[in-house]
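Student: Let me give you the structure first, and then I'll get to my questions.
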Amino acid sequence: MCGIVGYIGSRGAYPILINGLKRLEYRGYDSAGVALQNGGVRIYRKTGKVARLEEFCKDKDTNGTIGIGHTRWATHGEPSDANAHPHISKYGDVVLVHNGIIENYTALALILNQCGYALDPREKTDTEILANWIEHIWHEQKKESTCTFEDAVRDSLRTVVGAYAIVVITPHDHQMIVANHGSTGLVLGIGRDEIFVGSDATPFIDYTKDVITIEDGQMAVLLEKGEYHIKNSEQKEIEPAIEKVLLTLEEIEKGAFPHFMLKEIFEQPKTIADSMRGRISLANSKVLLGGMKIHEERIARARKIVFVACGTSYYASLIGEYLIETLARIDVQVEYASEFRYRNPILGEDDVVIGISQSGETADTNEAVKLAHTKGALVLGICNVVGAMMSKINDGGTYTHAGKEIGVASTKAFTAQLTVLSLFALWMGRTRGMIDENKYQILLRELESIPASVEKVLAQDALIRDIAKKYYQSTNAIYLGRGINFPVALEGPLKLKEISYIHAEGYPAAEMKHGPIALIDENMPVIFIATEGEYLDKVKSNMNTVKSRGGKIIAIVTEGDTEISSLANVVVPVPKVSEIFSPFLTVVPLQLLAYHIAAFRGTDIDKPRNLSKSVSVE
Ligand code: M6R
């Protein structure tokens, strides 16, 4: 996923574009670029982060009141200055930025080449070819009639296959054209005499809170003085709804924290509470999940529940599996969305498929959800970003309400997903009569107390930082856990890998003896999740095995433990809670450990190499 910005008005566009790009950098940071219109179009592009582009532009002419910008996550073509956006067409008539994929760009390049463009599709990106395609159509149409820039963009897009959001300018007109085809990341910020464009509202919330979403199939012409005309896919002009964006500057700034990731880890007591807010009725202490309630009868009689997700959301789903199977006694299957799609899964109308995604834009997850729909299953979504694609393609669902997550490594979104999954499992368990009222009430009360317990875990930050200081030069790590904490033992290494680039793997603790044990020596940190629960004795015996081979044991234990403390090299105590809620507490030390290790290693924590916050390509 890439980030796109635009500005048309009476102010200088450049500072608005640069600041906007910095806020969108979480979407991709392989390269950045801007184009400014001021009696011609000047384009500046640089490989790397926006700060590098800014440095490059210091002594350049950045005047102009119309401009577009882009921060790229490379999918077609390596990260390079040449492949950075904006792209300009051969004769200089079309300049554009693009987020998405143009699938038929090779075919378009072949036609262009027959008409005198020398574009080798093996060397050119899909965006570059799109810019030339629009120019070519414009030139062709001009031969026969008077054809406007708007006509050219609209008509050229008729033959373009793919999912994309684009912003296009030309040196010949004081206007900007935006179009959306199958993407949800395109919004306009409506100022008094000016219009802002963004992949989301973050680039311009300090200028305006009035936002129009450019929906799938829509195209808009933006003019100076804040005028705009939006047409739907039938070319009918529409009167769009202007919404007030709720996002605050505080939410998208780091405040006193050095990184968004650390800020988001520390926000968790609040975000878990926000995820619960309004979902436990004060009047009769019942779970309220509005977007699912309407399907209550079908969910309650489901033959099986299938979760489809990727990355951290997949690990949250694995915890959902334990929760639902334990509390509601329904068969649950958890699938990597990318694999599920290609297996011709056996599904019918008795099944419920739940897509889980922070962004709601992950292509693999959304495609899996669509497939489940075609098979007749009831399809629900759990996502964080309000209005994301996922919320538009399912039969119902719920938001996690964790607030904007900017750190590429997902933290608060994960615990918000656990909150919704816990509520869902409790609701199903009660609806299906698998838990009695007394137990239901006890568990609900305990869930409500989780934010306070997470606060206590966060108070261990200094201890965890000391552990990180000791181990940050390790080159490998193993994470072990059992039962509901096995998925936490998968999430911990994912965090570590993403931001510190240390190789780490997670296993069910008992599985270690079937191979990974060969890796253990005195240089191997082994992180055990060893809180009180059904399998603790077994985990202890796995720990003894590691100790006897010289492995260095870091254990997450329940407050008051003495036994494990004598086995491990170091322990991090967390408050005692029911086992089914323990992942809320055991994951936090692992997030902090990954964070501090990466900080000691000096990596770019919020923008780790090669990653993008959401992966909207398959
Ligand atoms: O937005 P999603 O939850 O669908 O994203 C799924 C994964 O791409 C995501 O969880 C990724 O693994 C994170 N970077 C994990 O920290």
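Student: If you roll a 1.4 angstrom probe over the protein chains with everything in place, what fraction of the accessible area of the chain belongs to carbon and sulfur, to the nearest %?
Tutor: Percent of accessible area from carbon and sulfur atoms in the chain: 50.
Student: Among Ile265, Gly100, Val167, whose Cα lies farthest out toward the positive end of the dipole of the chain, if unit charges sit on the beta carbon of Lys, Arg (+1) and Asp, Glu (-1)?
Tutor: Of Ile265, Gly100, Val167, it is Ile265.
Student: Please go through the residue pairs Lys304/Lys439; Lys244/Lys495; Lys404/Lys497; Lys209/Lys231; Lys231/Lys270; Lys538/Lys607 and name each one whose alpha carbons sit more than 29 Å apart in this structure.
Tutor: Checking Cα-Cα distances, Lys244/Lys495; Lys231/Lys270; Lys538/Lys607 exceed 29 Å.
Student: Taking the Cα centre of the chain as origin and charging only Cβ (+1 Lys, Arg; -1 Asp, Glu), how large is the dipole, in debye to the nearest 20?
Tutor: 1080
Student: Something else: Exactly which trypsin sites (Lys or Arg not before Pro) in the range 105-201 are in a DSSP loop and have at most 14 other Cβ atoms within 10 Å?
Tutor: Sites meeting the loop and neighbour criteria: Arg122, Arg158, Arg192.
Student: Taking amide H atoms as placed 1.01 Å from N in the peptide plane, list the residues 5 or more away in sequence, or in a different chain, whose amide H sits under 5 Å from that of Lys552.
Tutor: Met524, Val526
Student: By the gyration tensor of its Cα atoms, with a ≥ b ≥ c the square roots of the eigenvalues, what is the shape of the range 553-608: rounded for a/c under 1.5, prolate for a/b over b/c, or oblate?
Tutor: Oblate is the answer for the range 553-608, as a/c is 1.5 or above yet b/c matches or exceeds a/b.
Student: Here is a follow-up. Out of Asn542, Pro121, Leu323, whose Cα points farthest toward the positive end of the dipole of the chain (charges: +1 Lys, Arg; -1 Asp, Glu; placed on Cβ)?
Tutor: About the Cα centre, the residue reaching furthest to the positive side is Asn542.
Student: Here's another thing I want to ask about it. What per residue convex hull volume, in Å³, do the alpha-carbon atoms of the chain yield?
Tutor: It comes to 163 Å³ per residue, whole-number rounded.
Student: Rounded, prolate or oblate: which fits the range 254-450, taking a ≥ b ≥ c as square roots of the Cα gyration tensor eigenvalues, rounded meaning a/c under 1.5, else prolate when a/b beats b/c?
Tutor: It comes out oblate by the Cα gyration axes.
Student: Now a separate question. Using a 1.4 angstrom probe, figure out how much accessible area the chain has per residue, in square angstrom, rounded to the nearest whole.
Tutor: Ligands and nucleic acids excluded, the figure is 39 Å² per residue.
Student: Roughly how much of Cys383 is accessible, in Å² to the nearest 10, using a 1.4 Å probe?
Tutor: 10
Student: Still on this structure, please answer the following. Determine the principal axes of the Cα atoms in the range 415-571, then give the extent along each, sorted from largest to smallest and rounded to whole angstroms.
Tutor: Principal axes ranked by extent give 50, 32, 31 Å for the Cα atoms.
Student: Along the charge dipole of the range 254-450, which of Phe340, Ala416, Ile354 sits closest to the positive end, that is, farthest toward it, with unit charges on the beta carbon of Lys, Arg, Asp and Glu (+1, +1, -1, -1)?
Tutor: Sorting the options by dipole projection puts first Ala416.
Student: At 1.4 Å probe size, put Thr65, Thr71 in order of accessible surface, largest to smallest.
Tutor: Highest to lowest solvent-accessible surface, that is Thr65, Thr71.
Student: With both bridge residues required to lie in the chain, what share of the DSSP beta bridges run antiparallel, to the nearest 5%?
Tutor: 60
Student: Under unit Cβ charges (Lys, Arg +1; Asp, Glu -1), what dipole magnitude, rounded to 20 debye, does the range 109-230 have relative to its Cα centre?
Tutor: Using Cβ point charges on Lys, Arg, Asp and Glu, the range 109-230 gives about 160 debye.
Student: Then there is this: Suppose every Lys and Arg Cβ carries +1 and every Asp and Glu Cβ carries -1, with no other charges. What dipole size does the range 3-250 come out with about its Cα centre, to the nearest 20 debye?
Tutor: 480
Student: Considering Cα pairs under 8 angstrom that are at least six residues apart, work out the relative contact order of the range 68-143 and quote it in whole percent.
Tutor: The value is 33 percent.
Student: Using θ = phi - 60° and the Karplus relation 6.51 cos²θ - 1.76 cosθ + 1.60, list the HN-Hα couplings for the range 563-570 in order, rounded to whole Hz, with x at every Gly or Pro.
Tutor: 3J(HN,Hα) across the range 563-570, in whole Hz: 5, 5, 4, 7, 8, 8, 6, 7.
Student: Using helices alone, what [θ] at 222 nm do you get for the chain, with -39,500 (n - 2.57) per DSSP H run of 4 or more residues, divided over all residues and rounded to the nearest 500?
Tutor: The helix contribution divided over the chain gives -11000 deg cm²/dmol.
The values are calculated or read from the model by the stated rules, or taken from the named source; none is laboratory data. Everything numeric here is computed off the predicted structure, so don't read it as measured data. Cβ sites come from the backbone with ideal geometry, for glycine too, and all protein chains shown count toward neighbours. To get the accessible areas, we keep the full protein, side chains included, count just its heavy atoms, and leave off ligands, DNA and RNA. Shrake-Rupley method; radii C 1.70, N 1.55, O 1.52, S 1.80 Å.
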